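Heads up: the structure comes next, in structure tokens.
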Amino acid sequence: MALLLAKNLTKIYETEAVATPALAGVSFEIAPSEFVAIMGPSGSGKSTLLHILGFLDRHTGGDYRFDGKTYDDYTPDEIARVRNQKMGFIFQAFNLLPRTTVLDNVKLPLFYSGVPERDWDERALDAIDLVGLRHRLLHESSQLSGGEKQRAAIARALVLKPQVIFADEPTGNLDSRSGQLIMDYLQKLHARGHTIVLITHETYTAAYAQRIIRLKDGQIASDEKVVNRNHGNDFQK
């Protein structure tokens, strides 16, 4: 069974009686443990699509199912729990608390989980070790480099061991070396069994995926397997 299933998805934004279509009949499915990149120019609908896939926004028409269930199958509290426990989010802007340590930033999702408090430090340290940030454990996030901030954000996304990780332009604010490190980490997470959905406009970043879905004007222009995957070489910005 598909982990993410979209059928004829539409999204229309209405402002002052003006209707602006963002998605116009998008259909695809993503299997568990798949690594998929969603590409497209600015305004193509890729970030709108990610918000719908991550239950951060609702579609206007069509059908979307995560793990066999639609948005309407959940109560608001259940939606919040699914986002917290089954989905991890990595954004271009990092979204870390600036005056808070790496350890406490990574522990944040645990406050809203059912994980016993006695296990929080162990969970957080495991995620921090995975991205190689133990040496910055007690530094405030404002003291980190851009690449380190994104690694902390990845650790935070991992701390509850989600089924799927949504990465929205995760290398957009980074230099090429830091960007390659971030993509290498995402590739390692995929190798550990995580489903990865990457939003990007960078061809070389998308080459880390197994499959690329290209959007244009709110529709799927192509959906193809990646023949020669990037395994950390020749990363460019």
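What the table shows:
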item	result
Some residue of the range 189-211 being charged (D, E, K, R), open to solvent by 10 Å² or more (accessible area, probe 1.4 Å), modelled with pLDDT of 95 or more and not in a helix (DSSP H, G or I)	yes
Selection from the range 213-226 of residues that are surrounded by fewer than 22 Cβ atoms within 10 Å (Cβ to Cβ) and either among the acidic types (Asp, Glu) or closer than 19 Å to Gln92 by Cβ (or both)	Asp217, Asp223, Glu224
First in the range 149-178 and farther than 16 Å from Val197 by Cβ, second anywhere and in a loop (DSSP other than H, G, I, E, B) and among the basic types (Lys, Arg), Cβ under 7 Å, 6 or more apart	Ser176/Lys237
Total residues in the range 112-141, condition open to solvent by 60 Å² or more (accessible area, probe 1.4 Å) and either touching a Phe, Trp or Tyr at 6+ places or on another chain (Cβ under 8 Å) or among the small types (Gly, Ala, Ser) (or both)	1
The range 22-56: number of residues that are part of a loop (DSSP other than H, G, I, E, B), within 13 Å of the chain's Cα centre (by Cα) and of a type in the set (Gly, Ala, Ser)	1
Residue under evaluation His139, criteria (1) touching a strand residue (DSSP E or B) at 6+ places or on another chain (Cβ under 8 Å); (2) within 29 Å of Ala2 (Cβ to Cβ), criterion not met	(2)
Hits in the range 57-100 - residues which are under 13 Å from Arg156 (Cβ atoms), touching a strand residue (DSSP E or B) at 6+ places or on another chain (Cβ under 6 Å) and either part of a loop (DSSP other than H, G, I, E, B) or open to solvent by 30 Å² or more (accessible area, probe 1.4 Å) (or both)	Phe89, Phe91
Enumeration of residues in the range 112-125 that are more than 15 Å from Lys86 (Cα to Cα) and assigned to a helix (DSSP H, G or I)	Glu117, Arg118, Asp119, Trp120, Asp121, Glu122, Arg123, Ala124, Leu125
Total residues in the range 10-40, condition among the aliphatic types (A, V, I, L, M), within 22 Å of Gln187 (Cβ to Cβ) and either free of Cβ contacts under 8 Å to residues at least 24 places away in the same chain or open to solvent by less than 20 Å² (accessible area, probe 1.4 Å) (or both)	5
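The values are calculated or read from the model by the stated rules, or taken from the named source; none is laboratory data. Computed from a predicted structure; not experimentally measured. Virtual Cβ from ideal backbone geometry, glycine too; neighbours counted across all protein chains shown. Please note that ligands, DNA and RNA were not included when accessible areas were found on the heavy atoms of the full protein model with its side chains. Shrake-Rupley method; radii C 1.70, N 1.55, O 1.52, S 1.80 Å.
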